[in-house]
Amino acid sequence: MNDDFSRLVTNFFKNDYRERGKVKWNGYFLSDHTSSLKQEKQQRHHVTKKMAQMSLSEMKSRLQYASINYELVIVQENYTDQTNHMSSNVVGIVAGFSDRGVMIGTEHILFENMWAVRLSHDNN
């Protein structure tokens with residue numbers, strides 16, 4: 001009887017059992033992806049208050065200060081969406097400079113696209 005059961009189990013897994021692995025993992029991916037899209041949409045449509053425009057030399061000065069002192073910066077780019085709202089600000093640590101821009105975290109921002117730079121502890 002033990003051999004019959006063993007053959008029955010082996011036969012079941014060999015011929016009848018269907019692994020739902022990919023389908024199951026796609027379900028997990030879908031829920032994570034959906035929540036990620038909702039969060040991204042909320043960030044994209046977040047109304048950002050427009051800061052006072054700064055000169056390029058003033059922005060570079062603040063960025064250099066933040067880089068030397070490992071301070072968090074808030075960079076506002078001169079972009080608006082279809083409803084004329086500013087894009088979300090880029091917040092992070094200055095990771096480095098290039099001849100055309102600055103790296104904030106992993107995002108490269110061109111100097112020509114910057115509107116204002118604020119240190120995170122500034123109140124203005």
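The numbers here are math on the coordinates, done by the rules we state, and not lab data. Just so it is clear, the model here is predicted, and its values are computed rather than measured. Positions of Cβ are generated from backbone atoms using ideal geometry, with glycine treated the same way; all protein chains shown enter the neighbour counts.
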The FRET efficiency for F111 and K49, from their Cβ-Cβ distance with R0 = 35 Å and rounded to 0.05, is 0.95
The stretch 83-122 scanned against label point 7 Å out from Y65 along Cα→C-beta; backbone N under 11 Å for 118-122
Long-range amide H partners of A95, meaning residues 5 or more apart or on another chain whose placed amide H is closer than 5 Å, are M103, I104, G105
Residue-ordered couplings for the stretch 71-77, obtained by feeding phi - 60° into the Karplus form 6.51 cos²θ - 1.76 cosθ + 1.60 and rounding to whole Hz (Gly and Pro as x), are 9, 6, 10, 10, 10, 10, 8
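Just to confirm the filter: which chymotrypsin sites (Phe, Trp or Tyr not before Pro) across the stretch 74-124 are DSSP coil and have at most 15 other Cβ within 10 angstrom of their Cβ?
Passing sites in the stretch 74-124 are Y79.
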Once A95 and L56 are pulled to full extension, the length gained, defined as 0.36 nm per residue separation minus their Cα-Cα distance, is 12.2 nm
